[in-house]
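Some notes on the structure that comes next.
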Amino acid sequence: MDRMTATPPEPKLSPLHLQLAAQVVELARGRALPAGSALTELGLAQQLGVSRTPMRAVLGFLAARGVVERDGDGKRTGWRLRRDAAGLAPVELEAPVADADRLFVEIARDRLTEQLPVDVSEADLIRRYGVSRPTVLKVMNRLAEVGQVERKSGRGWTFIPPSYDTATRLESFRFRMLIEPAALLEPGWKLDPAWAQNMRQRHEDMLARPWQDSSAVALFELNAEFHAGLAAASQNRFFQLAVEQQNRLRRFVNLNWKYGRERVEVSCREHLEILERAESGALEVAASLMRLHLQRASALPQEKT
């Protein structure tokens, strides 16, 4: 076998590295990047909030799977996709990564219902949830990235007071009912066919898989990408920035999913109908469906927090 063209052996990754690999693939799929698209360790590290060292290991892992390859004539300066992102399969996550998603959801639920105090230590969380210290650290660092907790000056963590109460939630929906249908009616609106295909496939995958509490993480990310992607298609940066800001605002609360499998199906099918109308050019209809979709979601009952 030609050593210059042999596929490198797949390195063994830690759960954290495996999670990063999954995020890199989802990032490429969400943006529908074509084969040959340039990727850099620094750029990906900055987008995912890590250093270049773990990202280098992650790209080596993806290279072994044939997802990426070194860019340039032997120059180790960058990477590029080997295949269109729309055709990439999601990276399978090992049990510890799934455990982290479950813990993320449980902490979100317990804090929102005030079963978890404002100040907690890692030891408290380990005892309460029966998980390892690395899993606790991973989840708390993720919560810190979305502005929900901060480290105490001594030891432990403090939850930041929620800024998404019932009144704020309704204000957010009223705002979104104004801007998201309007984004679909922008004169320069243009949908990327590869992005639309990727969204359709991921919604169908969500409908096909059995529902678990830990699925709330993937559901929110899919939901957020759908709304942000349609806003981006407006070619108007202000619509896009507004929707991204709303996604950040609702992230923590939406992980406390309590509406069951039936509402998941309703939400996904409404998304697919909006997408179908938008693809066909019936943007007035798509805008009306978006407004109705948000109105229905705003009417869902909320627990007092």
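Values in this text are rule-based calculations from the coordinates and carry no lab data. Remember, predicted model here, so these are calculated numbers, not experimental data. Methodologically, a virtual Cβ is constructed for each residue, glycine included, from the backbone with ideal geometry; neighbour enumeration extends over all protein chains shown.
Some notes on this structure:
- Val149 long-range amide H proximity, modeled H, under 5 Å: Ala144, Ile160
- Cα gyration tensor category, rounded, prolate or oblate, for the range 166-298 with a/c compared to 1.5: oblate
- The H on the amide N of Leu88, modeled in the peptide plane, is under 5 Å from the matching H of no residue at least 5 residues off or on a different chain.
- Cα gyration tensor shape of the range 121-160, rounded if a/c is under 1.5, else prolate or oblate by comparing a/b with b/c: oblate
- Fewest-first ranking of Ile179, Ile160, Ile107, using other Cβ atoms within 10 Å as the exposure measure: Ile160, Ile179, Ile107
- Shape call, the range 95-159: gyration tensor on alpha carbons, a/c limit 1.5: rounded
- 3J(HN,Hα) from dihedral phi, the range 191-207, Karplus parametrisation 6.51/-1.76/1.60, rounded to Hz, x for glycine, proline: 9, 6, x, 5, 4, 4, 4, 4, 4, 4, 5, 5, 5, 5, 5, 5, 5
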